[in-house]
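Data first, discussion second: the structure below is written as structure tokens.
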């Protein structure tokens with residue numbers, strides 16, 4: 001009985017982690033749309049930015065074979081590039097709000113909107 005219960009908890013834990021990591025670029029863009037009141041056109045462009053960044057992230061991750069130190073170093077320019085591309089799509093007001101999101105999510109222990117490309121990893 002204990003083994004069955006343990007296996008159930010293990011399965012639930014794995015399923016929860018897998019579900020949490022399946023957020024798509026479109027989902028991330030929709031979340032940003034709600035926060036910043038983006039137009040549909042802006043949301044589509046930002047989803048494309050997230051998709052492109054996610055592909056680049058996957059290459060970085062594969063190239064460094066799990067070496068987190070090297071991976072974090074390689075990701076910094078990608079994060080900066082992603083944030084710049086997103087800000088280019090935003091109005092000045094939205095950009096200011098986006099900056100607040102980047103800072104508030106980081107200090108609250110979140111991964112921050114600028115890390116959004118990797119949420120699907």
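Restricting attention to the stretch 37-80, the residues that are more than 16 Å from the chain's Cα centre (by Cα) and either closer than 20 Å to residue 95 by Cα or not in a helix (DSSP H, G or I) (or both) total 10. Residues in the stretch 81-113 that are under 15 Å from residue 32 (Cβ atoms), modelled with pLDDT under 90 and not in a helix (DSSP H, G or I): 110, 111, 112.
Residues that are over 17 Å from residue 99 (Cα atoms) and surrounded by 16 or more Cβ atoms within 10 Å (Cβ to Cβ) within the stretch 31-42 are absent altogether.
The values are calculated or read from the model by the stated rules, or taken from the named source; none is laboratory data. Keep in mind that what you see is a predicted model, and the values were worked out from it rather than measured. Note: ideal-geometry Cβ built from the backbone for every residue, glycine included; neighbour counts use all protein chains shown.
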